[in-house]
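Below is one structure, written out as C-alpha cells, with a few remarks after it.
The values are calculated or read from the model by the stated rules, or taken from the named source; none is laboratory data. Fair warning: this is a prediction, and the values are worked out from it, not measured in the lab. Cβ: placed from backbone, ideal geometry, glycine included. Neighbour counts: every protein chain shown.
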Amino acid sequence: MSTISATTQPASVGRSFRQVWLITGGHALTHWYPATFYLLLPLIGKELGLSYSQIGLVMTSQYIAGAIANIPGGMLVDNVGRKGFLMALSLFWIGFPYLLMSFTHSYWMMLLCVTMVGVGNNLWHPTAIPTLGKLYPDRKGLVLSLHGMGGNVGEALAPLAIGTLLAALTWREIVVLNVIPGVVMGILILLFLGAIRLSPKKTNAETQALEEGDHERRALSQYFRDFGQLLRNRSLILLCTSSAFRSMTQNALLTFLPVFLAYEMGYSPLWVGVCMFALQTAGFIASPISGHLSDRMGRRQILITSMAMTAVVLGFMAFAGRSPIFVFFVALLGFFLYAIRPVLQAWLLETTPKNMGGTGIGMLFGIQALGSAVAPLVGGLIADAYGLLATFYFLAGTIVVANFFIFFMPAGRADGGAASKPA
C-alpha cells in the first residue's frame, strides 16, 4: 500500500478519480444498510406489534446516537492519520449491529442495535468528506456530489433488491446475508486506501513541506482553541441548522413513506421497493447536476431553489393522498431533496479551516442527527393523532424552515462557486 498525501498534488486538476470511486463505493454501503432497514421496518413493526410512535422511536434512537457520536468522531478524524482505516471501521460498525438484529425478538434490543448503527454510520462522513475536499480542492461540489451519488445508489438498489428477496426469505435471513457486501468493501478500502492521509508523512529520505494550516500532530490545547473558534463561526452554525431541518424532512420521509405505501396504499414489499428506488434514482440524477452547477453558479442559488421545490412537491404529495399520482411525486421529490446534500457539504467545507474539516463535518452531521432524531418521533405522533397524510404537511414545513436559514448566510466568499476560491 502506498501512502497518499493530500499535499502531493496541490490542485485537483488531472488527479485520478480512483480515490473518489472507492470512497463513493464505501458510501453506498453506509446508505445500503439503513435503506434495507427502512424497507424491513414495516415487517418488524407488524411482527413486534409496534405503533407508529414506536416505529418512529426506533429511528429516533439511531439518530440520537449519531448526534452524540458525530462531534467526537470529527475530533478523532482530525487527529488520526489513517483515514482508510477509519472508513473501514465505520463500515464494520454499521453492518455488524444489523447482524445482531436477526437474533432478537425484543423491542428494546432492537433499539440497542440501531443505536450502535447510529454511532458507526456517523464516523464515515467526517472522514470521507474532508478527505475528498482536500484531495480535490477545486472540484469540491463535483466530487462531493459523486460521493452523494454513492449514497443514492445504495439507497436505491437496497429496497429494490431486498423487496425482491423478501419474496423468498424472511427479514431475519436477509439481515444475515446483508453483512457480506460490507465485509467485502471494508477489505477493499483497507487494501487500497488503508494508508491515505490528509497531512504529509515524513520519510527517512526527505522531509516534506507541511500544508499550510495542517500539522501532523497538534497540541490538544491548540485543537480546542481552534474548536472554540469553530463554534463562533456564524456561517457554519447557519448551515448546520439549515441542514438539521433538511434532515428532518428526509429521514422522517424515509421512515414513513414505506409505511404509508404498505399500510395505506396496500403495496407489496416489491412495489414499496420500486417506489423507494424511484425516489433514490431521481436523487442520483440530481446530485451531480447540483454539485457541478454550485461550483459554477454558487451554493446559495442552488440550495434555495432546491429547498423551495422540495416544499412544493411535498405539499402536492399530501394533496394527492392515496391516488396513483402520489408515486410520481415521490420520484420528483427525490430529485430536489437529494440535490441539496452535496451543495451544503461543499459550502460548509469552504467556511471551515482546513485543519478542522473533520470536526466541521462532524458538527454538521451531529446537528443533522438531532433533527433526524426528532422528526420520526414527531411524525409518528402526528400520524397517530391525525393520520399519515398529515405527516407530509409537517415535512413540507420543515424544509421551508431549512430554506429560511440560508437567507441569513453572509454574502460573498461563502457563496462558493466560480467566483470564490476553495478553502
- Note on the structure: Picked from region 109-149 (must be among the hydrophobic types (A, V, I, L, M, F, W, C) and over 23 Å from LEU190 (Cα atoms)), the residue surrounded by the fewest Cβ atoms within 10 Å (Cβ to Cβ) is MET109
- Restricting the first residue to region 359-388 and requiring it to be without any contact (Cβ under 8 Å) to a residue 24 or more places away in the chain, which pairs with a second residue that is aliphatic (A, V, I, L, M) meet a Cβ separation below 8 Å and a spacing of at least six or different chains? ILE382/ALA390
- Query: Would you call VAL272 closer than 27 Å to LEU388 by Cα, buried (at least 24 other Cβ atoms within 10 Å of the Cβ) and hydrophobic (A, V, I, L, M, F, W, C)?
  - Reply: yes
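Mind listing whichever residues of region 77-92 are assigned to a helix (DSSP H, G or I) and not aliphatic (A, V, I, L, M)?
Residues satisfying the conditions are ASP78, ASN79, LYS83, GLY84, PHE85, SER90, PHE92.
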- Would you check which residues across region 263-279 are in a loop (DSSP other than H, G, I, E, B) and either on the phi < 0 side of the Ramachandran plot or of a type in the set (Ser, Thr, Tyr) (or both) and list them? MET265, TYR267, SER268
- The one condition SER323 fails out of (1) of a type outside the set (D, E, K, R); (2) under 19 Å from the mean Cα position of the chain (by Cα); (3) not in a helix (DSSP H, G or I) is (2)
- Item | Residue match in region 407-420 (condition: buried (at least 24 other Cβ atoms within 10 Å of the Cβ) and modelled with pLDDT under 85) | yes
- Looking across region 348-391 at residues that are of a type outside the set (Val, Ile, Thr) and part of a loop (DSSP other than H, G, I, E, B), the single one that is farthest from ILE68 (Cα to Cα) is GLY387
- PRO288 vs. criteria at pLDDT 85 or above and out of contact with any Gly (no Cβ under 7 Å at 6 or more places or on another chain): no
- Query: Taking interchain pairs and intrachain pairs at least six residues apart, which have beta carbon atoms under 7 angstrom, with the first residue in region 264-291 and touching a residue at least 24 places away in the same chain (Cβ under 8 Å) and the second buried (at least 22 other Cβ atoms within 10 Å of the Cβ) and among the acidic types (Asp, Glu)?
  - Reply: GLN280/GLU155
- Message: Can you say whether ILE304 is out of contact with any Lys or Arg (no Cβ under 9 Å at 6 or more places or on another chain), aliphatic (A, V, I, L, M) and either without any contact (Cβ under 8 Å) to a residue 12 or more places away in the chain or under 30 Å from ARG225 (Cα atoms) (or both), as far as the supplied structure shows?
- Response: no
- Filtering region 161-174 down to residues that are surrounded by 20 or more Cβ atoms within 10 Å (Cβ to Cβ) and either β-branched (Val, Ile, Thr) or modelled with pLDDT under 80 (or both), which residue is farthest from HIS31 (Cα to Cα)? ILE174
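Would you point out which residue out of SER51, SER2 is over 30 Å from TYR267 (Cα atoms), surrounded by fewer than 23 Cβ atoms within 10 Å (Cβ to Cβ) and either out of contact with any Phe, Trp or Tyr (no Cβ under 8 Å at 6 or more places or on another chain) or at pLDDT 85 or above (or both)?
So the residue among SER51, SER2 that is over 30 Å from TYR267 (Cα atoms), surrounded by fewer than 23 Cβ atoms within 10 Å (Cβ to Cβ) and either out of contact with any Phe, Trp or Tyr (no Cβ under 8 Å at 6 or more places or on another chain) or at pLDDT 85 or above (or both) is SER2.
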- Message: Regarding region 303-311, can at least one residue be identified that is assigned to a helix (DSSP H, G or I), surrounded by fewer than 22 Cβ atoms within 10 Å (Cβ to Cβ) and β-branched (Val, Ile, Thr)?
- Response: yes
- Query: Quick check: is even one residue across region 224-235 part of a helix (DSSP H, G or I), at pLDDT 85 or above and surrounded by fewer than 21 Cβ atoms within 10 Å (Cβ to Cβ)?
  - Reply: yes
- Those residues of region 65-92 that are without any contact (Cβ under 8 Å) to a residue 12 or more places away in the chain and in contact with a strand residue (DSSP E or B) (Cβ under 7 Å, 6 or more places away or on another chain) come to a total of 0
- Hey, among the residues in region 322-370 that are buried (at least 24 other Cβ atoms within 10 Å of the Cβ) and touching a Cys at 6+ places or on another chain (Cβ under 7 Å), which one's farthest from THR391 (Cα to Cα)? MET363
